[in-house]
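Only one structure is covered here, and it is reproduced in the block below.
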Amino acid sequence: MTTGPNSAAGETTPAVELVGLTKTFGDIVAVDGLTLDIAENLFFAIIGPSGCGKTTTLRMIGGFEEPTAGTIKLHGRDVTGTKPYQRPVNTVFQSYALFPHLTIFENVAFGLRRQGVDKTDVDRRVGDMLDLVHLAQTAKRKPRQLSGGQRQRVALARALVNHPRLLLLDEPLGALDLKLRKEMQLELKRIQQEVGITFIHVTHDQEEAMTMADAIAVMRNGRIERMGEPVEIYDDPRTRFVAGFLGASNLMDGTVTGTDEVTLTGGHTFHVGPDKLARANGAVHVGVRPEKIHLTPSGADPGHANSMAGVVTDSSFIGVSTHYLVQTETAGELTVVVQNLGATRFAPRDSVTLSWDPEHTFVVAE
Amino acid sequence: MTARTDAAERADRRRRRVPYLLMAPGLIWLFLFYVLPMFRLVITSLQEGSLERGYTFTGNFDSYASVFTTYLPQLRNSLLFAFGATVIGLLVAYPLAYAIAFHTSRWKTLFLLLIIVPLLVPFLLRTLAWRVILADQGLVVSFLKTIGLLSESGRLLSTGWAVLAGLVYNYLAFITLPIYISLDKIEPALLEAANDLYATPWTAFRKVTLPLSMPGIISGTLLTFIPAAGDYVNVELLGNRNWTMMGNVIQSKFLVIIDYPAAAAISFTLMAIIVTMVIIYVRRVGTEELLT
């Protein structure tokens with residue numbers, strides 16, 4: 001296992017090093033002084049809302065966009081200012097961009113032919129690659145005769161056949177329906193582990209990023225707001241934006257009142273892991289994920305250190321879980337997700353106790 | 001097997017009728033104003049006689065023979081001018097269409113308008129304007145004389161070059177627009193993909209842009225070649241006697257000499273030659289194998 005994105009500067013050269021990368025379009029700053037190392041063989045996701053600069057960053061790494069300032073190094077080599085066809089990088093485009101006039105075989109062979117790979121090698125490598133993505137039987141067809149999912153895999157094969165050391169994926173699953181998207185997420189992860197190269201994956205879908213990525217960077221207004229392993233940033237988002245973008249959160253206003261205590265504006269005091277309070281003081285938001293909250297009937301033992309009383313206002317059953325809205329006295333309305341394990345279900349107007357572990361309480365700055 | 005209901009079968013029959021109903025107006029039009037006159041043309045071409053004595057059908061093929069004996073130079077001129085105008089037109093139109101499609105995001109409509117606007121001026125007037133442009137005392141001639149491309153006594157008007165220039169100009173919109181449309185349809189991501197897959201801009205053009213614009217090239221060249229081969233106005237106004245085209249022969253046979261059988265035979269032959277060439281061209285260039 002290679003090192004994480006934060007500590008990559010050590011022994012090995014990172015696959016990608018961005019230093020002070022900036023891109024402006026007129027008055028608009030799309031990417032704002034981005035500095036980032038991405039370790040080799042990592043599945044790295046860049047997520048953020050549209051306009052956050054994630055696609056522009058990817059396009060600069062691919063060479064489709066010239067940075068206004070800053071440098072891009074790939075495997076230690078400075079490639080700033082070089083053309084896309086001079087970079088050892090391949091891209092899977094959002095629209096797939098398959099050549100409509102060429103067969104699937106010729107689409108996949110395109111890069112190899114440009115590099116002057118000899119014919120028998122082209123046949124073998126394209127054949128192997130089509131096998132890898134389960135499309136050997138479509139070699140003679142044209143892109144328009146394929147389904148969306150098949151086209152997506154052709155786009156992937158067309159990039160991977162060149163053995164790039166770095167693969168860029170620009171919202172590669174955006175055009176697929178939900179079921180197919182879930183399948184392709186696992187498929188992409190399988191292929192990444194099989195070929196063992198660095199993937200940089202840009203998406204606005206946080207769930208997709210968490211499913212596949214080893215590390216995630218959350219971008220906002222051209223900067224990285226939070227970066228780390230999916231579990232790490234999900235459990236401790238640190239900013240209000242990341243907490244809201246990455247999954248659902250219940251946020252409550254409060255003030256730091258001790259090394260492991262936050263008191264809500266309404267008067268309730270919660271315990272928080274001291275590590276999460278290390279950087280915070282004064283006015284903060286206390287957060288807890290909906291699935292980390294336990295519901296017990298009013299009066300029963302809550303079971304966790306942080307607890308408060310509430311009244312169920314809405315419940316919706318969605319198969320694996322039930323979503324509740326619970327009105328509390330001091331923290332407003334909170335969302336609670338309870339797995340359907342056969343335990344008591346609550347109905348609107350039931351009085352309940354909400355409780356959760358201090359470990360699952362996080363604090364975000366404004 | 002289950003029996004199908006009457007209603008489903010009626011709906012099915014209706015659905016099958018729809019395409020024919022949609023085509024009917026066009027088919028009727030074509031039959032009345034194309035097939036019937038064509039048939040009439042063939043009949044006329046096999047007649048003998050004169051305007052005074054009247055024409056009678058004799059099944060005489062002499063009129064056809066005259067095309068290849070008497071009018072071979074005119075036939076050659078027609079094909080030569082049409083070919084020349086198409087090639088030059090393509091060389092002018094392709095870069096023009098390319099620039100409009102890829103490099104003028106803000107002024108696209110304006111440029112397209114500029115190409116179409118001359119068509120609003122009648123064909124005859126446009127061609128007459130070229131008489132002024134190419135006149136012996138005009139700017140073009142004096143410029144060419146200054147840089148030594150034209151001798152002191154040289155002229156442009158009443159030469160083959162003037163005819164060629166007129167033909168290229170008159171059909172430029174018809175070759176530019178189809179090419180523009182096919183280029184404009186090309187997704188920019190396709191060229192980025194080609195660049196990403198190690199194609200230099202030139203290779204990307206050869207392997208992606210050019211093949212994808214082939215439909216536009218084919219229709220554009222046909223829309224130039226076919227009318228140019230039958231044109232007679234440009235020679236009439238810009239050329240001289242030595243460059244007479246088949247169109248001029250047909251025009252004078254029909255309207256001046258009033259020899260209907262000969263005019264019909266020449267028209268029919270010219271059409272047959274053009275159709276044959278078009279079929280060969282589309283077969284050779286239009287097949288998908290050549291596009292890869």
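Before moving on, here are some points about what is shown:
- Which of B:18, B:33, B:56, positive extreme of dipole for the range B:10-96 (C-beta unit charges): B:18
- Dipole of the protein assembly as shown computed with +1 at Lys/Arg Cβ and -1 at Asp/Glu Cβ about the Cα centre; of A:264, A:293, B:179, farthest Cα towards the positive end is B:179.
- q = 0.17, 0.19, 0.21 Å⁻¹: log10 I(q)/I(0) that the Debye formula gives for the range B:2-45, counting C-alpha atoms only: -0.62, -0.67, -0.73
- For chain A, size of Cβ-based charge dipole, Lys and Arg +1, Asp and Glu -1, in debye: 1820 debye
- With N the number of residues in the range B:63-285, Rg(Cα) / (2.2 N^0.38 Å) evaluates to 1.18.
- Averaged over peptide A:94-104, the number of partner chain Cβ atoms lying within 10 Å of each residue's Cβ comes to 5.
- Here the peptides B:171-177, A:358-364, A:226-232 are ranked by packing, the mean other Cβ count within 10 Å, and the order with the highest first is B:171-177, A:358-364, A:226-232.
- The lysines whose alpha-carbon is closer than 16 Å to the alpha-carbon of residue B:108, local same-chain residues fewer than 8 away aside, are B:185.
- Most positive-pole-ward Cα, A:313, A:365, A:49, against dipole of the protein assembly as shown from beta carbon charges: A:49
- Straight-line cross-link reach from residue A:73 at under 27 Å between alpha-carbon atoms covers these lysines, not counting any fewer than eight positions away in the same chain: A:23, A:54, A:83, A:189.
- Computed Rg/Rh of the range B:152-208, alpha carbon atoms with Kirkwood Rh: 1.32
- Restricting the trypsin sites (Lys or Arg not before Pro) of the range A:110-195 to loop positions (DSSP other than H, G, I, E, B) with no more than 10 neighbouring Cβ atoms within 10 Å leaves A:140.
- Cα centroid of the range A:23-48 to Cα centroid of the range A:130-144, whole Å: 33 Å
- The charge dipole of the range A:219-311, taken about its Cα centre with unit charges on the Cβ atoms of Lys, Arg (+1), Asp and Glu (-1) only, comes to about 380 debye.
- The trypsin sites (Lys or Arg not before Pro) of the range A:228-287 meeting both criteria, a DSSP state outside H, G, I, E and B (loop) and at most 13 other C-beta atoms within 10 angstrom of the site's C-beta, are A:279.
- With Cα atoms, 0 to 90° folded angle of helix A:148-160 axis to chain A main axis: 60 degrees
- Under a model in which nothing but the beta-carbon of Lys, Arg (+1) and Asp, Glu (-1) is charged, the protein assembly as shown shows a dipole of about 3200 debye around its Cα centre.
- Distant-in-sequence amide H partners of residue A:199 (H built 1.01 Å from N, under 5 Å): A:42, A:43, A:44, A:167
- Between the helical axis of A:119-132 and the longest alpha-carbon principal axis of chain A there is an angle of about 20 degrees.
- Spread of Cα-to-Cα distances over 20 Å intervals beginning at zero, given as percent, for chain A: 26, 47, 24, 3
- For the protein assembly as shown, the share of DSSP beta bridges that are antiparallel, to the nearest 5, is 75%.
- Mean Cα-pair separation over length for chain B, i.e. relative contact order, pairs under 8 Å, 6 or more apart, %: 27 percent
Read-outs: derived from the displayed coordinates by stated rules, not from any lab. Everything numeric in this text was worked out from a predicted model, so none of it was measured. Neighbour counts run over all protein chains shown; Cβ positions are idealised from the backbone, glycine included.
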